[in-house]
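Notes for the one structure printed next.
Values in this text are rule-based calculations from the coordinates and carry no lab data. It should be emphasised that the depicted structure is a prediction, and the values quoted were computed from it without experimental measurement. Every residue, glycine among them, receives a Cβ derived from its backbone with ideal geometry; neighbour counts consider all protein chains shown.
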There are 2 protein chains.
Amino acid sequence: MTRHSPLGPGREFDLIRRFFPLPAHRDVIVGAGDDAAVLRSGWVVSTDASVENVHFRRDWLSAEEIGYRSGAIALSDVAAMAAAPVALLISLVLPAADYGTFAEQIMSGLKRVANGFGAALAGGDTTRTEGPLVLAVVALGRTEHAVLRSGARPGDDVWVTGLLGGAALAVQEWRAGNQPDPSTRARYAEPLPRVREALWLAQRLELHALIDLSDGLVSDAAHIASASNVAICIDASAIPLHSTSQPGVAQPPPGFQLAGAVRSALTGGDDYELCFTAARGTVQPIRSEFEQLFNAPLSRIGSVVAGRGIEIMDENGNRVEDVLSGYDHFGTVS
Amino acid sequence: MTRHSPLGPGREFDLIRRFFPLPAHRDVIVGAGDDAAVLRSGWVVSTDASVENVHFRRDWLSAEEIGYRSGAIALSDVAAMAAAPVALLISLVLPAADYGTFAEQIMSGLKRVANGFGAALAGGDTTRTEGPLVLAVVALGRTEHAVLRSGARPGDDVWVTGLLGGAALAVQEWRAGNQPDPSTRARYAEPLPRVREALWLAQRLELHALIDLSDGLVSDAAHIASASNVAICIDASAIPLHSTSQPGVAQPPPGFQLAGAVRSALTGGDDYELCFTAARGTVQPIRSEFEQLFNAPLSRIGSVVAGRGIEIMDENGNRVEDVLSGYDHFGTVS
């Protein structure tokens, strides 16, 4: 198949890659380049910074939601390794005016999401800043078998949990000066880290590759493709779309040409659903049990083939030439 | 003895304490409140944010030093648990203008300190900000026996490694518009995390309580006192002072009354030396070997007694009434 030029990795990845080979240590099994580092004795660890006016805006979220969301995003990295959350730590960088109630509400939100997913709040530090609010959240988890981005094999099917594009739609509404409807807003404000879903799937399937959708489907699938040295072919018409009017798996409009909702689902970030690959035929038998248990669709959206990069096909099997870049944290929110 | 009202814990501690009881997890042996969290199977983990104009200034440090220093501070937390460093992760929050060479130099400095202390660079993320540069560094280490702040016992002696007050002196010089001399500057710009020293001591001694001096001796000793439910009596005349003219253990001037250098050593932060307590008489036998091996003094600066808080005595054994608060990150640099 013809492949688009490599997608995905943007500036933040380049900066870390420039320093390969990184210092290594025998107790670090997997270092930079996956959703989390994998440490000896089954630990995984990641760090993620949420920055005001880059990743969120104060007029969009309450302080409690800002804290909740930063923790949920961190926990999603643990889910993306098929690990069970153990602990969160936070470096909270606060403008002076936020000391007091605002900071407490942030911590309340963080505590709520930690409690909700069985993680301890195991420490951190708080410091003043003259600039925007920053929450750098460390997530730790445990697993006997971390699922990496690098295990996708030609012949695998590509699956996603849940509905895509909701968070991007919320951002779009806010930007247009509208209030997103509550279900759309919740997709952005309180993303659901698919911790239980990842553990459930990993117990029942051999997951070959796994990632969480933080940057957007195209961008994140490209990470799997790149790490696994394969190509991924996405069927745009199979993408489960967030829809305000029609909960469940939305149907793409007939003859769509990357309509707005599909574009949001392909390139919009912040959904924090899971994308994984597994051998063809292994997921279908547990699909309906998953959907009932988690009240969320499990959708086959593509396949892994030999090659490199990402290919997007429309409902007629024609290649979509309009190559889309994923969510880029360098120009989105502010 | 008479005790001063409780010193130490400032706003950042209050914020975390307000949320006790924090969510817990059986794999988190020690959570918030020590230099690092202690996890099952011998891991320790901490996170520390360095914020431009709060913890450092661009006109004081090169980009490489900013990276080095942030990593050294993180490694110092690992040393403060008597653990061996394994890995660093970084959340690097960058103003747009810093992409490129400046960011690369930060990463070079971080890589240099990781290499120097045997730690892997195991990941992280980079994100844009409209505000000041923030480096949130996660440090991971391993130890079979983490030394906490809470183990000090009446009858212990209190010891510190190295010389104190140098980093505070450098800051003082910069603020006065002067360039600190190279050795003073280095104490601030490239603090030496006492990783090897902590491991060496822990192999030879039963360390009862251990902390690194980030906030200043009085403030950090108060953390030990508070965590251990004891009082600590500091002999101000025994504090090993950083001196530009006289390397080695400086003598306090006769009849001093909290002269500038002593005040810096008591309250100035950022030295990243170790402070520990051990049973009386157990340290003296290995002191000279330590001093030769590490080319740094090992000084008995006080004792642990029943009670609460910190007491500071002058060279005549009189209580110093001028209670000093430690380095407070909420008003120092900017």
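Here A:Ser288, A:Ser243, B:Ser41 are placed in order of increasing Cβ neighbour count within 10 Å, fewest first, which gives A:Ser288, B:Ser41, A:Ser243.
Please find the FRET efficiency linking B:Arg308 to A:Ser108, where r is the Cβ-Cβ separation and R0 is fixed at 22 Å, and quote it to the nearest 0.05. After rounding, the FRET efficiency stands at 0.10. Using the Cβ-Cβ distance between B:Gln284 and A:Thr101 with R0 set to 51 Å, the FRET efficiency from 1/(1 + (r/R0)^6) comes to roughly 0.50. Pairs of alpha-carbon atoms within less than 8 angstrom and 6+ residues apart define the contacts here; what relative contact order does chain B have, in percent? Computed over chain B, the figure is 24 percent. Go through A:Ser62, B:Met81, A:Ala96 and say which Cα lies farthest out towards the positive end of the charge dipole of the protein assembly as shown; charges sit on Cβ, +1 for Lys and Arg, -1 for Asp and Glu. Going by the charge dipole, the pick is B:Met81. Across region A:70-104, the residues whose backbone nitrogen lies under 19 Å from the label position 7 Å along the beta-carbon direction of B:Arg40 are A:78-79, A:81-89. Shielding by partners for peptide B:24-30, expressed as the average number of C-beta atoms from other protein chains within 10 Å of each residue's C-beta, is 6. Taken along the Cα-to-beta-carbon direction at a fixed 7 Å, the label points for B:Arg300 and B:Ser183 span 2.6 nm. Only helices enter this figure: runs of n ≥ 4 DSSP H residues, each worth -39500 (n - 2.57), summed and divided by the residues of chain A, yield -9000 deg cm²/dmol at 222 nm to the nearest 500. Assuming charge only on the beta carbon of Lys and Arg (+1) and of Asp and Glu (-1), the dipole of chain A about its Cα centre is about 520 debye to the nearest 20. Placing pseudo-labels 7 Å out from each Cα toward the beta carbon at B:Ala176 and A:Gln292 gives an inter-label distance of 7.8 nm.
Over all other residues within a Cβ to Cβ distance under 12 Å of B:Gly166, the charged ones net out to -4, with Lys and Arg as +1 and Asp and Glu as -1.
Working from label points 7 Å from Cα in the Cα-to-Cβ sense, the B:Asn53 to A:Ser62 distance is 3.1 nm. Membrane-span-like helices in chain B, defined purely by DSSP H runs whose alpha carbon atoms cover 18 Å or more axially and whose average Kyte-Doolittle hydropathy reaches 0.5, do not occur. Between the listed residues B:Ser264, B:Gly123, B:Val28, the Cα displaced farthest toward the positive end of the dipole of chain B, a dipole computed from Cβ unit charges relative to the Cα centre, is found at B:Val28. Once the convex hull of all Cα atoms in region B:165-240 is built, its volume per residue stands at 120 Å³. Between B:Ala259 and B:Arg319, the FRET efficiency from the beta-carbon distance, with R0 = 22 Å, is close to 0.80. Taking a sphere under 13 Å around the Cβ of B:Arg112 and counting the other residues whose Cβ falls inside, with K and R at +1 and D and E at -1, yields a net charge of -2. Considering only B:Ala176, B:Ala306, B:Ala198, the mean-square fluctuation computed in a Gaussian network model of chain B, springs between alpha carbons under 10 angstrom, is largest for B:Ala176. Radius of gyration over Kirkwood radius for the protein assembly as shown, both on Cα atoms: the Rg/Rh ratio is 1.02.
Comparing A:Pro180, A:Pro191, A:Pro285 in a Gaussian network model of chain A where C-alpha atoms under 10 Å apart are linked, the largest mean-square fluctuation is found at A:Pro285.
Computed over region A:90-175, the Cα gyration tensor eigenvalues convert (square root of 5λ each) into semi-axes of 33, 21, 13 Å, ordered from largest to smallest. Computed over every Cα-Cα pair of chain B and binned at 10 Å starting from 0, the pair-distance distribution P(r) comes out as 6, 27, 36, 24, 7, 1 percent.
Summing charges over neighbours of A:Pro95, with a neighbour being any other residue whose Cβ is under 10 Å away from its Cβ, gives -2 when K and R count +1 and D and E count -1. Against the empirical curve 2.2 N^0.38 Å, the C-alpha radius of gyration of region B:255-308 lands at a ratio of 1.37.
Taking the inverse of the mean 1/r over every pair of distinct Cα atoms in region A:69-137 gives a Kirkwood hydrodynamic radius of 12.4 Å.
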